[in-house]
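No lab work stands behind these numbers, since they all come straight from the coordinates. Everything numeric in this text was worked out from a predicted model, so none of it was measured. Heads up, the Cβs are rebuilt from the backbone with ideal geometry, glycines too, and the neighbour counts pull from every protein chain shown.
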């Protein structure tokens, strides 16, 4: 029975440690991403254009045969 109390107290100690580390990371700006939102539209558009270009090439190769 005493082992359960020790394990529960140890797990609470570790959980509180992770919570404190997470709150510290948020307050220090670790998760702020100011660059990606401004270029997200450009990245998605580039991916769509590449897929469209590969589809056009396959269409031209089958059409010419």
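Rounded to the nearest 0.05, what FRET efficiency do residue 12 and residue 41 have when you use their Cβ-Cβ distance and R0 = 30 Å?
Numbers: r = 45 Å, r/R0 = 1.49.
So the FRET efficiency works out to roughly 0.10.
For residue 34 and residue 20, calculate 0.36 nm times their separation in residues minus their Cα-Cα distance, and state this gained length in nm to one decimal. Working shown, then result.
On the way: separation 14, 0.36 × 14 = 5.04 nm, distance 2.42 nm.
Contour length minus the Cα-Cα distance gives 2.6 nm.
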